[in-house]
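Just below is one structure, and these are the notes that go with it.
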Amino acid sequence: MAKKSTRFYCKGCGHEELRWLGQCPGCREWNTFTEMNISKTSDTKGSRGFSAKDKQQTGFGAGAASGGAQAAWPEAVGPDGRMRPVPLRKINSADKKRLRVEPAEVANVLGGGLVEGSVVLLGGEPGVGKSTLLTGLGLSWVRQDIRVIYVAGEESPAQIRMRAERLGFDPNKEDGFDILPEVHLETLLEALREALAGDDERPCVIIADSVQTLHSEQVDAYPGSPTQIKYCGGVLADFARQTGHPVFLVGHVTKSGDLAGPKLLEHMVDTVLYFEGSGGGAVRMVRAVKNRFGTTGELAVMEMRSDGLAPVDQAGVLFLSGRRGAEPGSAVCAVKNGSRTFLVEVQALVSSSRYGTPQRVVQGVDNKRVGLLCAILEKRAGMDLGGCDIFVKVAGGGRIDDPGADLAIMAALASSLRERPVPIDTLILGEVGLTGEVRQVADMESRLREASRHGFSRAILGGDKSGRKARKMDGMEMVTASSVEEAMRLALESRGRKAGGRA
Ligand code: TYD
Ligand code: MG
């Protein structure tokens, strides 16, 4: 018999408390606690807040009275039927099979393919193209004889058919892409089990679009609430691990990123992908922020076309297009995103403030990092930014996390303050420390190669002069600076010959 109890959840990070709190101890946000009624069975609760009995009711651990782990790991069950610890050597370390993913860009982000039995959360703003991406991936699996079941919670089956046709699929000729329009979790699992019964050998990818529309009768809360999302996501994750069929969970994130949904699921899935647009155009990026089966930091750049998503040619210079010429307040650096190199233009505008408190508006770079770099400029390079409004942005809507862009951000600021342009053929690369020292960045070679390919002929780099020979690489002149002051002087000095860089 289920009994009711009340819990309080943080809408931001999902932190759970028995009483209401003004400030969340998890994420330190104020006024984010919301009350939830949950029904509780008398069994001992599992770590995810649902018990073995719940699991049985939702279709798991069939035959094993005490839940999923026993069914998945018979080695761990002793002669008395109880669980016991298993030595590492007895655990099968065989590499899990990966399903091929197309386009290769997305496969790369997933770590080389989709691991069987894995759970992937795809988060993104509404309308960015999550359903389009997953339908496209689904169609490529169907063509490899992998089954796809698309759980349609958001759209009608007719809309999904229209989308698939738009992406070049002919439902009358090709088979294997099934739609399951069911959002009630228990009925959904029942239907999945029935559909997959007797078809154990053939992999089947399950796409739940979206997890916010699912609801279980085990939880007394409205669909889309933190408790429902946590519960339904958890049950589907268990389903993937126990059956070996990979599951994709789609989760909406709002612009401010504070919607409870996807964040709550991050710790229970294997891979978290974020799908984002760039600068309001057709460019879309998929990045992995967590990946148990690969690295994070890989980035897939794609373009939304009228017939679906396609990889972008020349993605390396995507954030440079539209540069007009050498103008004050602009500097280019080469940043790494996983294994790929992108040339990125940082723009800054520094103007004296008309109001009491100067403004600082930053887009595409961490605000605090810009504050720190401004402080270093003031203290170590003698630039007075005190009474100035400061605006910094990454051209083309990109985002920079790479510390190697420090020096370029500073050069853009200094260039705007002094009203002197950085020569258009000059690349700026270096990580800056609090004492004003400039360090070399990792993986310099590939960055310089990319810049050289696109017409840059001079690079200002961090590093110690004594340890480095002045040299040229790929026709690029490399100038080293060991301090911020020196680097700014080199970046802003007017050079005699005509700069021949990319416009
Ligand atoms: P959608 O995948 O429905 O977004 P989400 O699932 O993230 O909410 O796609 C949203 C937009 O993409 C929609 O405005 C239409 C556009 N679109 C294209 O430009 N080309 C296409 O081939 C498709 C299918 C959609
Ligand atoms: Mg959608």
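The values are calculated or read from the model by the stated rules, or taken from the named source; none is laboratory data. What you see is a predicted model; the values in this text were computed from it and never measured. All Cβ positions, even for glycine, are placed from backbone atoms using ideal geometry, and neighbour counts span all protein chains on display.
Observations on the structure shown:
- For A334, the conditions (1) within 16 Å of ligand 1 (Cβ to nearest atom); (2) aliphatic (A, V, I, L, M); (3) closer than 23 Å to D402 by Cβ are fulfilled apart from (1).
- Of all residues making up region 266-303, the number that are within 16 Å of ligand 1 (Cβ to nearest atom) and without any contact (Cβ under 8 Å) to a residue 60 or more places away in the chain: 3
- Some residue of region 100-120 being assigned by TED's automatic domain parsing to the domain that holds E194, within 16 Å of ligand 2 (Cβ to nearest atom) and closer than 23 Å to G294 by Cα: yes
- The numbered conditions (1) of a type in the set (D, E, K, R); (2) within 16 Å of ligand 2 (Cβ to nearest atom); (3) modelled with pLDDT of 90 or more are all true for E125 except (3).
- Residue match in region 294-307 (condition: of a type in the set (D, E, K, R), assigned to a loop (DSSP other than H, G, I, E, B), modelled with pLDDT under 85 and surrounded by fewer than 17 Cβ atoms within 10 Å (Cβ to Cβ)): no
- For region 308-319, the set of residues classified as surrounded by 20 or more Cβ atoms within 10 Å (Cβ to Cβ) and away from ligand 2 (no atom under 16 Å from the Cβ) consists of A315, V317, L318, F319, listed by residue number.
- Within region 207-231, residues that are more than 14 Å from ligand 2 (Cβ to nearest atom) have Cβ atoms under 6 Å from residues that are part of a loop (DSSP other than H, G, I, E, B) and hydroxyl-bearing (S, T, Y) in these pairs: Y231/S216, counting only partners at least 6 apart in sequence or on another chain.
- Listed by position, the strands (runs of 3 or more DSSP E) enclosed by region 90-193 that each have at least 1 residues that are of a type in the set (S, T, Y) and within 16 Å of ligand 1 (Cβ to nearest atom) are 147-152.
- Selection from region 204-257 of residues that are within 13 Å of ligand 1 (Cβ to nearest atom), under 21 Å from the mean Cα position of the chain (by Cα) and assigned to a helix (DSSP H, G or I): V211, Q212
- Every pair of residues 6+ apart whose Cβ atoms lie under 8 Å, when the first sits in region 304-325 and is not assigned by TED's automatic domain parsing to the domain that holds L133 while the second is exposed (fewer than 13 other Cβ atoms within 10 Å of the Cβ) and assigned to a loop (DSSP other than H, G, I, E, B): R323/A503; R324/A503; G325/A503
- Matching residues in region 308-325 - criterion: being closer than 22 Å to L137 by Cα, part of a loop (DSSP other than H, G, I, E, B) and modelled with pLDDT under 80: D313
- So V211, is it out of contact with any Lys or Arg (no Cβ under 8 Å at 6 or more places or on another chain), under 26 Å from P311 (Cα atoms), in the same structural domain as R98 (by TED's automatic domain parsing) and buried (at least 18 other Cβ atoms within 10 Å of the Cβ): no
- Condition met for V289 (outside any helix (DSSP H, G or I), modelled with pLDDT of 85 or more and touching a helix residue (DSSP H, G or I) at 6+ places or on another chain (Cβ under 6 Å)): no
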